[in-house]
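Contents: one structure, followed by commentary.
The values are calculated or read from the model by the stated rules, or taken from the named source; none is laboratory data. Quick caveat, the model's predicted, so the values are computed rather than measured. Neighbour counts run over all protein chains shown; Cβ positions are idealised from the backbone, glycine included.
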Amino acid sequence: MKIAIVWAHWVGKTTLSTILAEELGLAVIKDIVPEAYHLGFTINEETPIETQIWLTAKQIELERNIVNFVADKCLIDYYIYWDVLLDDTDVKKVLKKLIDRNASYDYILYIPIEFPLVDDGLRSMNPDFQRLIDARYHEYLEDSWLEYHIIKWSIEDRLKTIRKIITPK
């Protein structure tokens, strides 16, 4: 089973993915942004194309090599950030093809912005940027062929909703 927890940064994906993976006995594909940051990549509203390429390639590798998982961040996340950050339409087309070929999830769980940003020292603290990512994500999911589920409120409420949606395979 492949579960992608999606949306903007600082909405609670890490907490939820960790609990959910443990409950379902699945591996967690952790957010690789901290790894990129520690390797010297820029992570914020000014993230360059090189960083986005590294993040996307690393995510493809992880999602191909782990059979059953809960992804704290997934390939769709990187497409959304590319779409917001880059002006190069040719690069966006190539990335879209990569995402379409490689993103395969049994469940996509969308978590909207409900809490204030918390500074972790590496991600953007700009709420306008977070809302821009959020709006683009909403647009993407509404326009795509992907089925997704909106997960809201407290961790407990989110888990109750997810338990009703997910059928272990």
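Within segment 31-72, if we keep just the residues that are closer than 18 Å to Met125 by Cβ, of a type outside the set (Val, Ile, Thr) and outside any helix (DSSP H, G or I), the residue that is nearest to the chain's Cα centre (by Cα) turns out to be Asp31.
Please pick out the residue among Asp128, Asp134 that is among the charged types (D, E, K, R), touching a residue at least 40 places away in the same chain (Cβ under 8 Å), closer than 22 Å to Pro48 by Cα and not in a loop (DSSP other than H, G, I, E, B). Among Asp128, Asp134, only Asp134 is among the charged types (D, E, K, R), touching a residue at least 40 places away in the same chain (Cβ under 8 Å), closer than 22 Å to Pro48 by Cα and not in a loop (DSSP other than H, G, I, E, B).
The residues in segment 31-47 that are aromatic (Phe, Trp, Tyr) and loosely packed, with under 14 Cβ neighbours inside 10 Å can be counted, and the count is 0. Between Glu22, Glu45, the distinction of being in contact with a helix residue (DSSP H, G or I) (Cβ under 9 Å, 6 or more places away or on another chain) and among the charged types (D, E, K, R) belongs to Glu45 only. Applying the set (1) closer than 24 Å to Thr51 by Cβ; (2) assigned to a loop (DSSP other than H, G, I, E, B) to Thr167 leaves exactly one unmet item: (1). Contact annotation: residue pairs with Cβ atoms under 8 Å, 6 or more positions apart or on different chains, pairing a residue in segment 146-169 that is modelled with pLDDT of 90 or more with a partner that is in a loop (DSSP other than H, G, I, E, B), are Thr161/Ile151; Thr161/Lys152; Ile162/Ile151; Ile166/Met1.
Taking segment 140-169 as the range and being touching a helix residue (DSSP H, G or I) at 6+ places or on another chain (Cβ under 9 Å) and more than 25 Å from Glu23 (Cβ to Cβ) as the test, the residues that pass are Tyr140, Ser144.
Inclusion of Ile76 among residues that are within 27 Å of Gly121 (Cα to Cα), β-branched (Val, Ile, Thr), in contact (Cβ under 8 Å) with a residue 60 or more places away in the chain and in contact with a Leu (Cβ under 9 Å, 6 or more places away or on another chain) is warranted. Checked against the criterion of being among the hydrophobic types (A, V, I, L, M, F, W, C), in a helix (DSSP H, G or I) and farther than 19 Å from Lys58 by Cα, segment 109-123 contains not a single residue that satisfies it. If the condition is being touching a Lys or Arg at 6+ places or on another chain (Cβ under 9 Å), surrounded by 13 or more Cβ atoms within 10 Å (Cβ to Cβ), modelled with pLDDT of 85 or more and under 28 Å from Lys160 (Cβ atoms), then segment 78-128 contributes Ile80, Tyr105, Asp106, Tyr107, Leu109. Of all residues in segment 22-36, those that are free of Cβ contacts under 8 Å to residues at least 40 places away in the same chain have Cβ atoms under 7 Å from Cβ atoms of residues that are of a type in the set (S, T, N, Q), 6 or more apart or on another chain, in Ala36/Thr51.
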